[in-house]
Amino acid sequence: RMNRLKALPNEILMMTTNLPSGYQRDLQIIKEHLFPAFGELKSCIEMTVMMLSQANVKADLLKDPKYLHLFTVEEVNRLVLEGVPFRDAYQQVGRQVEAGEFSVPTTRLNHTHEGSLGNLCLPEIKASFGQVLARFEFAPVAIAFKALLTTSG
């Protein structure tokens, strides 16, 4: 469903490309694609809300031995930070895994780059989202919508 929605801008672009000035008929055809998309989008959002409300975070999941090899990258990075060339560190950890000798001293992630698990930058993302949201003028739309709903005719 979402792929159909993602394709919609391209569909509209193709319908409106090379139209002569003042030609409006193809703009009527756009409605056949655009208006159903709002229902699809609403349905996808409802599915997302339902899915996220059912999601459960399992604490200490990564301590399960079946996830041990997730930390091979951490070990390679640790060795590189200690001065071991990347290729050598990669091969060393690979040999440990192959021999069944790989172990992780800690499951704590030491990532610091922006957006990583160790530095999600959530306050910055929230602030950026707030700035973008503030550019939308929702108040006039809400007033007009309320007027439409309360007008008796």
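The values are calculated or read from the model by the stated rules, or taken from the named source; none is laboratory data. Keep in mind that what you see is a predicted model, and the values were worked out from it rather than measured. So basically every Cβ, Gly included, is an ideal-geometry build from the backbone, and we count neighbours across all protein chains shown.
Restricted to helices (runs of 4 or more DSSP H) entirely inside the stretch 1-97, those with at least 3 residues that are among the β-branched types (V, I, T) and under 30 Å from H111 (Cα atoms) are 72-81.
Residues that are in a loop (DSSP other than H, G, I, E, B) and either in contact with a strand residue (DSSP E or B) (Cβ under 9 Å, 6 or more places away or on another chain) or within 24 Å of L68 (Cβ to Cβ) (or both) within the stretch 107-119 comprise T107, R108, L109, N110, H111, T112, H113, L117, G118, listed in sequence order.
For the stretch 56-86, the set of residues classified as basic (K, R) and either surrounded by 10 or more Cβ atoms within 10 Å (Cβ to Cβ) or in contact with a Pro (Cβ under 7 Å, 6 or more places away or on another chain) (or both) consists of K63, R78, listed by residue number. Considering (1) exposed (fewer than 11 other Cβ atoms within 10 Å of the Cβ); (2) over 18 Å from F71 (Cβ atoms); (3) among the hydrophobic types (A, V, I, L, M, F, W, C); (4) modelled with pLDDT of 90 or more, the lone condition that A142 does not fulfil carries the number (4).
For every residue, the table says whether it meets (1) small (G, A, S); (2) closer than 30 Å to Y90 by Cβ; (3) modelled with pLDDT of 90 or more.
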position: A7; (1), (2), (3): yes, no, yes
position: T48; (1), (2), (3): no, no, yes
position: V57; (1), (2), (3): no, no, no
position: K63; (1), (2), (3): no, yes, no
position: H69; (1), (2), (3): no, yes, no
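Of all the listed residues (F86, F38), the sole one being of a type in the set (A, V, I, L, M, F, W, C), touching a helix residue (DSSP H, G or I) at 6+ places or on another chain (Cβ under 6 Å) and without any contact (Cβ under 8 Å) to a residue 24 or more places away in the chain is F86.
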